[in-house]
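To start, the structure itself, in structure tokens.
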Amino acid sequence: MDKVFIRNLTADAIIGIYDFERVKKQPVIITLEMAFDNKKPASTENILDALDYEKISNSVKELIETSSFQLVETLAETIAKHILTTYRTEKLTLELNKPEAIAFADSVGIVITRERSDYL
């Protein structure tokens, strides 16, 4: 299966368990790899046959920026469910980074892999 990817999508979110994290948005960085058969869009050159990464990017950014979760795990799961139930991909791997979480680390976060069947 082919993969369509979006790397380092950045959005600002209320995310964290500490009081100071609940009042000021901080950046999160998302990388997505989505399984998709690209043969049809390659032959038709029609965006309607493709997995539209611009639409996905915009909807994920909006979801993040209007969210208010305590755990990155909850945010990642919410994004995965949104993508798998809204767009024509059967499987995705999502990496979520929280770069400002720990001062002496570049980033912390999680990587999850989910399938559409996880949400049926």
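Taking the longest Cα principal axis of the chain as reference, the axis of helix 72-86 is set at about 20 degrees. Shown for the chain: the carbon plus sulfur share of the solvent-accessible area, taken with all protein chains present and a 1.4 angstrom probe, equals 52%.
Listed here are the pairs 25/55; 61/81; 25/91; 40/81; which of them are more than 19 Å apart at the Cα? The partial results should precede the final answer.
On the way: 25/55 23 Å; 61/81 14 Å; 25/91 29 Å; 40/81 25 Å.
From 25/55; 61/81; 25/91; 40/81, over 19 Å: 25/55; 25/91; 40/81.
Between residue 78 and residue 106, the C-beta separation translates, for a Förster distance of 25 Å, into a calculated FRET efficiency of about 0.55.
Residues whose amide H falls under 5 Å from that of residue 101, counting only those 5 or more places apart or on a different chain, are 108, with hydrogens built in the peptide plane. Between helix 53-65 and the chain there is an angle of about 20 degrees, using the helix long axis and the longest principal axis of the Cα atoms.
Where the only charges are on Cβ atoms (+1 Lys, Arg; -1 Asp, Glu), what is the dipole of the chain about its Cα centre, to the nearest 20 debye? Write out the running numbers ahead of the final one.
Numbers: 15 positive and 20 negative charges, 22 e Å.
For this selection, approximately 100 debye.
Heavy-atom accessible surface of the chain, averaged per residue, reaches 61 Å², computed with a 1.4 Å probe. Compared with the rule-of-thumb size 2.2 N^0.38 Å for a compact globular protein, the range 6-120 has a Cα radius of gyration ratio of 1.14.
Would you mind calculating the gained length between residue 70 and residue 22 on full extension (0.36 nm times residue separation, minus the Cα-Cα distance), in nm to one decimal?
Numbers: separation 48, 0.36 × 48 = 17.28 nm, distance 0.82 nm.
Extending this stretch completely gives an extra 16.5 nm.
The values are calculated or read from the model by the stated rules, or taken from the named source; none is laboratory data. Just so it is clear, the model here is predicted, and its values are computed rather than measured. Glycine gets a Cβ as well: all are built from the backbone with ideal geometry, and neighbour counts include every protein chain shown. Protein only, heavy atoms only, side chains kept; ligands, DNA and RNA dropped before computing areas. Shrake-Rupley method; radii C 1.70, N 1.55, O 1.52, S 1.80 Å.
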